[in-house]
Amino acid sequence: MRNDRPGYQYRANKDGTRVHYWNPRRAVKGASSALSIIRLPDDFTEDQISVECQRLTNQLRPEVRNAGNAPTFTGTISSLIECYRHDKTSTLHGVKHSTRIRDYEPSLRVLQKNVGDRDINALKASDFTRWFTGWKKKGHRRASGAIKLLRLILSYGAGERLRGCKQARDILSDMRFEQPGERTVKMTYDQCLAIVKKSAELECPSIGFVEALKFETALRRIDVIGEWSPPPEGGEFRWRGLTAGDISKEMILTLKTSKTGAAVARDLNSYTLVTEALKAYKLPEIGPVVIDEDYGKPYWENRYAEKFRKVRDAAGVPNNVWSMDTRAGAVSETVEATGSLEMAKDLATHTTVKMTKKYSRGDGLEASRRIAEARAESRK
């Protein structure tokens, strides 16, 4: 049985073809019998079936988990996590949906799977050290993320006066763990151009357009492709993001960034990569600007990342270059071209130059050459 398509079932037709379904009761234990089975498109590929089954399952799990009475704290880490997830006053419910799915939930799953049965009242510093060391073998960022969420849930438990949480939190707060190094990879202009051209060849030009727009404008991906998230009152996921109305007839893009609310205006006519991408990607007259060609709808985060990797690999771009590195490429190229961190800061809508420095990646060779030329010029 495949475990990458939770809830999947099918019905065979007489001609040998299959009708694909996602069954919520097969996907999530405890799902209501009132939930309907969803038929998947007949032309879905194997990969598309897996992605859709995972998306629907991940969407359903929190609803099932939060249904009914509040969970009972039994003293274990797992029960604390369930209380933290259920309590609407916890910090988990104060972050954006994308942050919760990308950062919080994966680390909570690591904790629940590996140490969920541990009694919080019996935890010692040696436990935390041993856990971190074990998690680090599977990835430094994974280990750091798990420790970060462990601090958060113990603080939540301490605030709710749950047994053992304050003592465990105090022990953990005095401990320091090695932090993962900052990323040093950046996407280059040539790499982005290769992705733009390859995406057109593979008939998924939306990928090239998104990466080109990010590279030229330093916008975050979420500000370009938008975000699917549930409304505060619960219910079906809704999309919000960049729409055709945000781009004028003169090709001036205006928006407010999702992270800081900073006002942004960009002349798309002035960007060579965007011009190249628009040879294959047609901007819609109404509705969301970026559409997933496979579904006819805006991208879900995981779908975009999956398709980006396929285009990147086909374009011959190294697999250590991620979509998130496009923004770093924009900032780095700006600093190299202008010698100004302030200009790069404005482009990326950072609040501090310190943050801009993290995105400006490279060995400083070109900057040092400009400085040497300027000093030599001043001596004449």
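Among the residues making up the range 18-35, those that are more than 29 Å from the chain's Cα centre (by Cα) and either under 19 Å from residue 306 (Cα atoms) or modelled with pLDDT under 85 (or both) are 32, 33, 34.
Filtering 181, 134, 139 for residues that are surrounded by fewer than 16 Cβ atoms within 10 Å (Cβ to Cβ), out of contact with any Asp or Glu (no Cβ under 9 Å at 6 or more places or on another chain), assigned by TED's automatic domain parsing to the domain that holds residue 82 and farther than 18 Å from residue 116 by Cα leaves a single hit, 139.
Here residue 288 meets each of (1) within 30 Å of residue 58 (Cβ to Cβ); (2) in contact with a helix residue (DSSP H, G or I) (Cβ under 6 Å, 6 or more places away or on another chain); (3) surrounded by 15 or more Cβ atoms within 10 Å (Cβ to Cβ); (4) at pLDDT 90 or above with one exception, condition (2).
Of the residues 199, 248, the single one that is modelled with pLDDT of 90 or more and surrounded by 19 or more Cβ atoms within 10 Å (Cβ to Cβ) is 199. On the basis of being assigned to a strand (DSSP E or B), assigned by TED's automatic domain parsing to the domain that holds residue 193 and of a type outside the set (A, V, I, L, M, F, W, C), does residue 309 make the cut? Here the answer is no, as residue 309 does not meet what is asked.
Determine whether the range 86-103 contains at least one residue that is among the acidic types (Asp, Glu), assigned to a helix (DSSP H, G or I) and buried (at least 17 other Cβ atoms within 10 Å of the Cβ). No, every residue in the range 86-103 fails to be among the acidic types (Asp, Glu), assigned to a helix (DSSP H, G or I) and buried (at least 17 other Cβ atoms within 10 Å of the Cβ).
Scanning the range 71-124 for residues that are charged (D, E, K, R) and farther than 16 Å from residue 149 by Cα returns 88, 117, 119, 124.
A quick yes/no check of all residues on (1) over 25 Å from residue 347 (Cα atoms); (2) buried (at least 21 other Cβ atoms within 10 Å of the Cβ); (3) outside the structural domain of residue 279 (by TED's automatic domain parsing); (4) over 22 Å from the mean Cα position of the chain (by Cα):
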| position | (1), (2), (3), (4) |
| --- | --- |
| 156 | yes, yes, yes, yes |
| 214 | no, yes, no, no |
| 220 | no, no, no, no |
| 225 | no, yes, no, no |
| 231 | yes, no, no, no |
| 237 | yes, no, no, no |
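Checking the structure you have, find out if any residue of the range 45-58 is assigned to a loop (DSSP other than H, G, I, E, B) and either out of contact with any Asp or Glu (no Cβ under 7 Å at 6 or more places or on another chain) or surrounded by fewer than 16 Cβ atoms within 10 Å (Cβ to Cβ) (or both). So far as the range 45-58 goes, yes, one or more of its residues are assigned to a loop (DSSP other than H, G, I, E, B) and either out of contact with any Asp or Glu (no Cβ under 7 Å at 6 or more places or on another chain) or surrounded by fewer than 16 Cβ atoms within 10 Å (Cβ to Cβ) (or both).
Can you give me the number of residues within the range 186-196 that are buried (at least 16 other Cβ atoms within 10 Å of the Cβ) and assigned to a helix (DSSP H, G or I)? Within the range 186-196, residues that are buried (at least 16 other Cβ atoms within 10 Å of the Cβ) and assigned to a helix (DSSP H, G or I) number 6.
On the given criteria, is residue 227 closer than 23 Å to residue 95 by Cα and among the acidic types (Asp, Glu)? So residue 227 fits the description; yes. Among the candidates 71, 62, 41, the residue that is within 22 Å of residue 227 (Cα to Cα) and either at pLDDT below 90 or among the small types (Gly, Ala, Ser) (or both) is uniquely 62. Summed over the range 262-309, the residues that are in contact (Cβ under 8 Å) with a residue 12 or more places away in the chain and under 17 Å from the mean Cα position of the chain (by Cα) give a count of 13.
The values are calculated or read from the model by the stated rules, or taken from the named source; none is laboratory data. The structure displayed is predicted, hence computed values, not measured ones. Every residue, glycine as well, gets a Cβ built from its backbone with ideal geometry; the counts of neighbours run over all protein chains shown.
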